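The values are calculated or read from the model by the stated rules, or taken from the named source; none is laboratory data. Not measured: the values here are computed from a predicted model. Quick reminder, even Gly has a Cβ in these numbers, built from the backbone with ideal geometry, and neighbours come from all protein chains shown.
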Amino acid sequence: MTNGNTDMKNHNFNILKKNIDTLRKNRGWTQEELGQKIGMQQSNVCKHLKEGGGFTLEQVCRLADVFETSVDELLGREKKAKDYSIKDICKFIVDLISSDVITTFRYEKNENVWEQDNPEYSPEHSNKTKVFKYDAFYFSTYEQIPDYLDEYAVDNKLDEFRYTGNYVRKNAKINNFLYKFIDTRKKYLRGIISEEEYKAITELYIKNIDNDQND
């Protein structure tokens, strides 16, 4: 039992170390810069990565925050879409909306409706439609400038826009990824590329997100 636990700890640490090194190098950070971001001396960062273990739960959480990922992903514990509960999804959407990461809007769609208890309709030949209203969202590449914004704005937003503009670099990277991914998925669904090619291309797109030139 002890050996099994030790192997599992070593396995988890090796994944954590690999992910830390990869994410750090992708961002062009030195170990010293990474240490500053999580409140650790460079020597301690180096020691923990070389000797194995040593990182506290709080430090792993900080690492996940600065790398903009989750603790699960940092430890190599990936979740599949089917593993997310409705509560997980709703909490994630709440966080995105509350943090102003996404922009919401009302979308109307005319959809075919198949009434299961009515033999007149079938999924393949439904001739009954209804208009449904959905709350949708997107990642705006340009931050919305409020109508009330003027030189007397108390939140200093005007000065911020004057010097930095309202271009949102992070969202531009997300949108660039989505354009390429959705186009690739359409090709897969149409049989233009195989499932293996679809997965490999998608994995490559994800891997290269941090190197996207939309800066």
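Numbers at a glance
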| quantity | calculated |
| --- | --- |
| Filtered residue count, the range 159-173, keeping only those that are out of contact with any helix residue (DSSP H, G or I) (no Cβ under 8 Å at 6 or more places or on another chain) and assigned to a helix (DSSP H, G or I) | 10 |
| Complete set of residues in the range 191-215 that are free of Cβ contacts under 8 Å to residues at least 12 places away in the same chain, farther than 22 Å from T141 by Cα and in a helix (DSSP H, G or I) | E195, E196, E197, K199, A200, E203, L204 |
| Filter result for Y188 (surrounded by 12 or more Cβ atoms within 10 Å (Cβ to Cβ), in a helix (DSSP H, G or I) and not charged (D, E, K, R)) | yes |
| Segments classed as helices (runs of 4 or more DSSP H), wholly inside the range 21-84, with at least 1 members that are hydroxyl-bearing (S, T, Y), assigned by TED's automatic domain parsing to the domain that holds K170 and on the phi < 0 side of the Ramachandran plot | none |
| Filter result (closer than 17 Å to D100 by Cα and either in contact with a helix residue (DSSP H, G or I) (Cβ under 9 Å, 6 or more places away or on another chain) or at pLDDT below 90 (or both)) within the range 174-197 | I174 |
| Of all residues making up the range 132-164, the number that are at pLDDT below 90 and farther than 18 Å from I102 by Cα | 18 |
| Scope the range 43-64; condition within 22 Å of the chain's Cα centre (by Cα) and either surrounded by 14 or more Cβ atoms within 10 Å (Cβ to Cβ) or polar (S, T, N, Q) (or both); matching residues | Q59, V60, C61, R62, L63, A64 |
| Verdict on D100 being assigned to a helix (DSSP H, G or I) and either under 26 Å from K207 (Cα atoms) or among the polar types (S, T, N, Q) (or both) | no |
